[in-house]
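One structure below.
The values are calculated or read from the model by the stated rules, or taken from the named source; none is laboratory data. Small disclaimer: the values here were computed from a predicted structure and weren't measured. Neighbour counts run over all protein chains shown; Cβ positions are idealised from the backbone, glycine included. Heavy atoms of the whole protein, side chains included, go into the accessibility calculation; ligands, DNA and RNA do not. Shrake-Rupley method; radii C 1.70, N 1.55, O 1.52, S 1.80 Å.
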Amino acid sequence: MNGIYRYSIVRFRPYAETGEFANIGIVVFDLREEVAEFRLSNKRFARISHFFDPSANSAYMNAIENLRVELPRLLNFLPETHSRTAFDHFSELFGSRESSILFSEPRVIKSGFALETVADNLFDRFVRRDFEKPLDPEAALTKSIRKNLHRHGVKHFKTLTVSDDIIPVRFPLGFHETKVVAIKPLAFAQKNPIHIVDYGAHWRKRLAYHLNKGTISEESVFLALERPSFGEDEQSEKAFQLALQELERLPFKHTVLDAHAKGIDIGLLDFVERHPPRQQGLVNYN
């Protein structure tokens, strides 16, 4: 079910007389759950020095530090009772302010994503300005898995390349201590059914090659597979099942994630827990 979110763009305006501003953050409020998330740019933000004269940098750094303290405090005061709607409190907290920090007029969107993902996506769009360069589905799946792992305190999975003179393989999530440990996201977003089948066969052959060479082992690789998003396209679903049969010939554990519901599940969490970095104990997911 889609959630309903109200968000406001955080803006830095060093000189009130010019009215010029730069987007530096986002605040998102879940209207149903009455909880909020925010994202802010880094203390050193090149756009400020490019946009304004050098004197604005110190004002910006002070403002962003204050926001990191003030926003969590303000959000903690969201009402626990329904005597007034959280919507009213949101408007009061993030309305017009007489300072170098401004909040845009609140806007409302519907989304099937969780609040944290909505906040990430809006921050990418309005602050990082990533909307002109959308991620391909597999990169988006990888990014989502990495963010979810970070939320569970798991940060030791980095980009890892298994070198080979014939078939080198790059894992976007992995590490190497005594052996290669890796998560391989595979998004089956190809529009032509035959390309879906071919993609599964392509990766089965690559992974089987390294498995036979001993550069990877059956217990240390996990496949995160995202099914096609064409719910009404029976041919794409059949093609995915054929691709899945190919990959299931490998001994690796795997999970199948629905498109547009990216993230991690208990199977992937269990795999990560069984492969902590050597210097740390088991990851606590509670």
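Rounded to 0.05, the FRET efficiency of the Gln235 and Glu116 pair, given R0 = 51 Å and the Cβ-Cβ distance, is 0.90. Note that segment 11-27 has calculated 3J(HN,Hα) couplings of 10, 10, 10, x, 10, 4, 5, 8, x, 7, 8, 10, 6, 10, x, 8, 10 Hz, one per residue in order, obtained from phi through the Karplus relation 6.51 cos²θ - 1.76 cosθ + 1.60 (θ = phi - 60°); glycine and proline are x. Could I have the simple spin-label model distance between Arg129 and Arg170, label points 7 Å from Cα toward Cβ, reported in nm to one decimal? About 2.6 nm separates the two model spin labels. Measuring spread by the Cα atoms of segment 1-44 yields a radius of gyration and Dmax of 13.8, 45 Å. Simple spin-label estimate for Glu248 and Ile109 gives 3.7 nm between the two label positions (7 Å along the Cα-to-Cβ direction from each Cα). Label zone (Glu70, point 7 Å along Cα-to-C-beta; backbone nitrogen cut-off 17 Å) within segment 1-35: 8-16, 21-28. Amide H contacts for Ile24 (H built 1.01 Å from N in the peptide plane; partners 5 or more residues away or on another chain; cut-off under 5 Å): Val10, Arg11, Phe12. Using a probe of 1.4 Å, the accessible surface attributed to Leu173 totals some 0 Å² when neighbouring protein chains are kept in position. Both numbers refer to the Cα atoms of segment 186-276; Rg and Dmax are 13.7, 41 Å. Each residue of segment 219-224 was assigned a 3J(HN,Hα) from its phi angle through the Karplus curve 6.51 cos²θ - 1.76 cosθ + 1.60 (θ = phi - 60°); the sequence is 8, 10, 10, 10, 9, 9 Hz, with glycine and proline shown as x. What the phi angles of segment 235-240 give under the Karplus curve with 6.51, -1.76 and 1.60, with θ = phi - 60°, is a coupling list of 5, 5, 5, 5, 5, 5 Hz, glycine and proline written as x. One decimal place: the segment Thr18-Lys155 gains 45.0 nm when fully extended, by the rule 0.36 nm per residue minus the C-alpha distance. Around the amide H of Leu257, modelled in the peptide plane, lie the amide H atoms of Leu225, Glu226, Arg227, all under 5 Å away and 5 or more residues distant in sequence or on another chain.
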